[in-house]
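One structure is given below, encoded as structure tokens.
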Amino acid sequence: MTVSANSADRPRRAVDRIRETARELFYRRGIRDVGVEEIVTTAGVTKPSLYRAFASKDELAAAYIRDYDADFWQRFEAVTAPLAGDPKAQVIAWLQSIEDRTRVSHYRGCGMTNAAVEYPDRDHPARLASVANKKEYRRRLRGLAAGLGARDPDMLGDALLLLIEGTYASAQLFEGDGPAIHLVEAGKALIAASL
């Protein structure tokens, strides 16, 4: 009889440790501030292990953004899916989840927005992944605004995105009591004015 090892008992692969370490460091300090040497040392791997998995730090940064993107949409679905059929409740619940996240100590805003700011080169892989996320975000918010019956759903969706992006930025500047604490109420006012 063979006994299969529980996945929790198996050691994490080097590539997984690299991705997890890069994600934590890139989010906390910024992609450009973190060097390959720090990533491999913190992850407990070698440089050849990193370069077998990622051709360059730029490719690792793009992988970080793709991972962040996948997690972002999982969070979005976890909040909005249970409220399917009620777009207003979906928007308010999503805004509440963002407002709640901004109150976490050392909140650094949206990793997508941060990466786009760090990499102004429009062809950089991390920027391309960030832009794709924001375009999809805009599309989804506009879709929810249309479901709400807004007079101008594109305008409402864009206004919500501007409000959210402002929350991401301002939450990094104020410790827990900045403008981000009014995200839900501001969102409700925008919605009411648009119907």
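Report, to the nearest whole %, how much of the accessible area of the stretch 138-189 belongs to carbon and sulfur atoms, 1.4 Å probe, protein only. C and S atoms contribute 58 percent here. Rounded, prolate or oblate: pick one for the stretch 88-136, where a ≥ b ≥ c are the square roots of the eigenvalues of its C-alpha gyration tensor, a/c under 1.5 means rounded, and failing that, prolate if a/b is larger than b/c, else oblate. It is oblate, given that a/c is not under 1.5 and a/b is not larger than b/c.
Backbone N atoms of the stretch 76-92 closer than 12 Å to the 7 Å Cα→Cβ label point of Glu136 belong to residues 76-77.
Strictly greater than 22 Å: what percent of every Cα pair in the chain meets that? Roughly 55 percent, rounded to a whole number. What the Cβ-Cβ distance of Ile92 and Lys47 gives, at R0 = 30 Å and to the nearest 0.05, is a FRET efficiency of 0.05.
Between helix 57-80 and the chain there is an angle of about 40 degrees, using the helix long axis and the longest principal axis of the Cα atoms. Determine, for the stretch 46-150, the count of lysine pairs separated by eight or more sequence positions (or lying on different chains) whose alpha-carbon distance falls under 26 Å. Final tally of qualifying lysine pairs is 5. What the stretch 103-191 shows is 51 Å² of accessible area per residue, with the surface traced by a 1.4 Å probe over protein heavy atoms. The modelled label-to-label distance for the pair Met155/Lys188, using points 7 Å beyond Cα in the direction of Cβ, is 2.3 nm.
The values are calculated or read from the model by the stated rules, or taken from the named source; none is laboratory data. In this text, all values refer to a predicted model and were calculated from it rather than measured experimentally. Glycine gets a Cβ as well: all are built from the backbone with ideal geometry, and neighbour counts include every protein chain shown. Heads up: the accessible areas ignore ligands, DNA and RNA and are worked out on the full protein's heavy atoms, side chains in. Shrake-Rupley method; radii C 1.70, N 1.55, O 1.52, S 1.80 Å.
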